[in-house]
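Data block below; observations after.
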Amino acid sequence: MVNEQIAELLNTQVNKEFYSAYLYLAFSNYFSEVGLDGFSNWYLIQAQEERDHAMLFVQYMQNNDLSVAYEAIDKPAFEANGHIDVLKAALNHERYVTGLIHNIYGAASDKKDFRTMQFLDWFVKEQGEEETNAADLVKKMELFGSDPKSLYLLDQEMATRTYAAPSLVL
């Protein structure tokens, strides 16, 4: 049986993951509006991943007879004074989500909720990948973003990203 505190944290995470999807849709829209369709594609796929992360939390909660409460999703708040601002906002957001996952994991560990800890193991690894990807995008933009030809090639690279749904067995 999942502890009530852990259940609340899991439910909060469901809503945070949906917010993440919403935020990345806004980033995708930003890049679409400035004509960087590859970056737009990258963030559209990122939004799909975040939605699926939310659904994994929902499924876990349902499998453990926990009620899921959906909250209103806040409007994404970010100011872009250039492409790098969006990429840095994404990196900061991934770091924030990593902190949320670690908080749930720590609470589960304190309560000896091994099932939830095992479920979260995949997310701990995933967040490491998410932060690396976001940091790499920032580095690439800092290196190549001011040169139009290099930015074009970088945008083409971002356009090759395809979506693969997570295969986490609950």
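The values are calculated or read from the model by the stated rules, or taken from the named source; none is laboratory data. None of these values were measured; they are calculated from a predicted model. Glycine also receives a Cβ, built like all others from the backbone with ideal geometry; neighbour counts cover every protein chain displayed. Accessible surface is based on the protein model in full, side chains and every heavy atom, while ligands, DNA and RNA are left aside. Shrake-Rupley method; radii C 1.70, N 1.55, O 1.52, S 1.80 Å.
What to note about this one:
- Of all residues making up region 23-59, the number that are under 21 Å from Lys75 (Cβ atoms) and among the aliphatic types (A, V, I, L, M): 7
- Selected residue (criterion: nearest to Gln5 (Cα to Cα)) from residues of region 77-107 that are touching a residue at least 60 places away in the same chain (Cβ under 8 Å) and either part of a loop (DSSP other than H, G, I, E, B) or not aliphatic (A, V, I, L, M) (or both): Asn103
Rundown of residues vs (1) assigned to a loop (DSSP other than H, G, I, E, B); (2) open to solvent by 10 Å² or more (accessible area, probe 1.4 Å), yes/no style:
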| position | (1), (2) |
| --- | --- |
| Ser67 | yes, yes |
| Lys75 | yes, yes |
| Ser109 | no, yes |
| Lys112 | yes, yes |
| Phe123 | no, no |
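- From Tyr30, Tyr60, Tyr43, residue being among the aromatic types (Phe, Trp, Tyr) and more than 20 Å from Leu91 (Cβ to Cβ): Tyr60
- Options Tyr19, Tyr60, Tyr30; residue that is under 24 Å from Trp122 (Cα atoms), open to solvent by 30 Å² or more (accessible area, probe 1.4 Å) and of a type in the set (Phe, Trp, Tyr): Tyr19
- Qualifying residue in region 33-51 (condition: open to solvent by less than 40 Å² (accessible area, probe 1.4 Å), within 23 Å of Glu126 (Cβ to Cβ), touching a Leu at 6+ places or on another chain (Cβ under 7 Å) and aliphatic (A, V, I, L, M)): yes
- Set Phe57, Phe27, Phe39: member being assigned to a helix (DSSP H, G or I) and either more than 20 Å from Leu87 (Cβ to Cβ) or free of Cβ contacts under 8 Å to residues at least 40 places away in the same chain (or both): Phe57
- Screening Lys88, Lys112, Lys75, Lys125 for residues that are basic (Lys, Arg) and within 29 Å of Pro148 (Cα to Cα) leaves exactly one candidate, Lys88.
- Residue in region 131-147 that is open to solvent by less than 20 Å² (accessible area, probe 1.4 Å), of a type outside the set (Ser, Thr, Tyr), closer than 16 Å to Glu17 by Cα and over 11 Å from the mean Cα position of the chain (by Cα) present: no
- Residue-level check: of (1) outside any loop (DSSP other than H, G, I, E, B); (2) in contact (Cβ under 8 Å) with a residue 60 or more places away in the chain, Leu143 misses just (2).
- Extreme residue, nearest to Tyr70 (Cα to Cα), among residues of region 1-11 that are assigned to a helix (DSSP H, G or I), in contact (Cβ under 8 Å) with a residue 24 or more places away in the chain and open to solvent by 30 Å² or more (accessible area, probe 1.4 Å): Leu9
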